[in-house]
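Just so it is clear, none of the values below were taken in a lab; they were calculated from the coordinates. Remember, it's a predicted structure, so these values are computed and weren't measured experimentally. No Cβ is skipped: glycine too gets one built from the backbone with ideal geometry, and neighbour counts run over all protein chains shown.
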Amino acid sequence: MRKSWLIFIVLVFVLSNNCFGQQNDNELNNKITNIFTELYHFQLSEYDSDINLLKADSLPDNLYYYLKANLQWWHILNGANDEKSQDLCLKYIDKSIESYSENPSLENRLTLLSAYILKMRVNNYGNHKLKSVNSILKILDLSDGLINEIEEDEQKLFVKGIYHYFTNYAKEESVFAKVLLFGYSNESKEKGLEYLEQATHAKNTVICTEARYLLYKIYSTLENDMQKALNNAEWLYRTYPENIFYQSNYYLTLCRTNKHDEAQIMKNSLLQQVTTTSELNEKEKQHYYKLVKQCKTN
């Protein structure tokens with residue numbers, strides 16, 4: 001299996017946070033959007049508290065466990081990447097998937113898609129590549145069908161961008177992927193990027209933010225366009241300056257683009273926030289202390 005195909009496994013549908021769908025209850029949907037926004041502002045404890053409150057207020061099990069898994073995923077991204085953390089995240093994901101059969105509505109299928117996406121990402125982070133492959137066809141089948149059912153709106157732009165970009169990227173890079181993905185996507189990789197760029201102008205905070213982060217990952221990892229990567233990383237940092245994860249991405253991108261004076265300023269700010277935050281445990285803080293050493297600033 002070629003390296004490019006492994007990259008596809010890691011990154012296909014890499015951002016799933018908004019795929020839970022539009023709930024029939026607009027009030028509930030607004031609450032969930034606000035909860036995701038708490039993650040962007042690095043209010044991890046508040047996010048956990050609020051999803052537990054929603055659970056007490058009759059939040060469906062499949063969505064509740066997905067939200068719990070998503071919080072655990074953020075802790076993994078912040079350095080809690082050990083077997084125990086991964087197992088807990090996968091436990092929540094499996095509970096979300098198991099709860100799906102109770103109500104196969106459009107909203108629940110979107111949540112199911114999110115759960116399989118997140119499961120694939122966690123398994124990739126733990127280097128369980130074969131387990132990741134098992135999720136891919138389910139992800140593709142779900143997304144291929146859902147694209148035809150979702151109304152033409154901001155969310156559909158985001159899902160279409162992910163679907164068309166990563167499917168065609170994989171086809172271009174790997175013969176194995178070209179065979180496996182035969183029949184998927186009738187548009188181009190470039191069209192997928194267009195959809196994602198349009199999604200960055202979404203009024204919905206979650207869609208806009210996720211599109212920005214996804215484009216940052218694409219341009220920095222796959223397209224090798226570091227200026228566009230820097231633009232998106234800077235947007236995320238300026239919009240959510242308290243988010244240590246986004247700040248660290250911006251810092252590393254400044255380093256990669258040889259903006260060392262700016263990187264030094266960012267390094268000092270990042271270290272101060274890591275030291276003073278109550279949202280990270282000691283292991284997670286050590287993760288960031290090591291991360292800043294990856295770049296030699298002036």
Rounded to the nearest 500, the 222 nm mean residue ellipticity computed for the chain from DSSP H runs (n ≥ 4, each -39500 (n - 2.57)) alone is -23000 deg cm²/dmol
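Going by average Cβ density within 10 Å per residue, which order do the peptides 277-287, 29-39 take, highest to lowest? Don't skip to the answer; put the middle values down first.
Working: 277-287: 15.2, 29-39: 17.3.
By packing density, highest mean first, the sequence is 29-39, 277-287.
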Going through the cross-link list Lys91/Lys119; Lys138/Lys191; Lys138/Lys178; Lys156/Lys191, which pairs have a Cα-Cα distance over 19 Å in this structure?
Lys138/Lys191
Quick calc, Asn30 & Glu152: beta-carbon distance into FRET formula, R0 22 Å, rounding 0.05, result 0.55
How compact is segment 214-288 by the rule of thumb for globular proteins, expressed as Cα Rg over 2.2 N^0.38 Å?
1.10
Once every Cα of segment 151-236 carries one equal point scatterer and solvent is ignored, give the base-10 log of I(q)/I(0) from the Debye formula at q = 0.18, 0.22 Å⁻¹, two decimals.
-0.75, -1.01
Coordinate range along principal axes, alpha carbons of segment 72-111, Å, largest first
35, 14, 7
Using alpha carbons only, what's the Rg to Rh ratio of segment 104-250 with Rh from Kirkwood?
0.96
Which ordering of Phe42, Phe158, Phe182, Phe245 is given by a fewest-first count of other beta-carbon atoms within 10 Å?
Phe182, Phe245, Phe42, Phe158
Using each residue's phi in segment 210-219, evaluate 6.51 cos²θ - 1.76 cosθ + 1.60 at θ = phi - 60° and report the 3J(HN,Hα) Karplus result to the nearest Hz, with x for Gly and Pro.
5, 5, 4, 5, 4, 5, 4, 5, 5, 5
Determine which lysines satisfy two conditions relative to Lys296: a Cα distance under 21 Å, and not lying fewer than 8 residues away in the same chain.
Lys259, Lys267, Lys285
Set of aspartates and glutamates near Lys68 by C-alpha distance (under 14 Å), chain-local residues within fewer than 8 positions excluded:
Glu38, Glu46, Asp48, Asp50, Asp87, Asp94
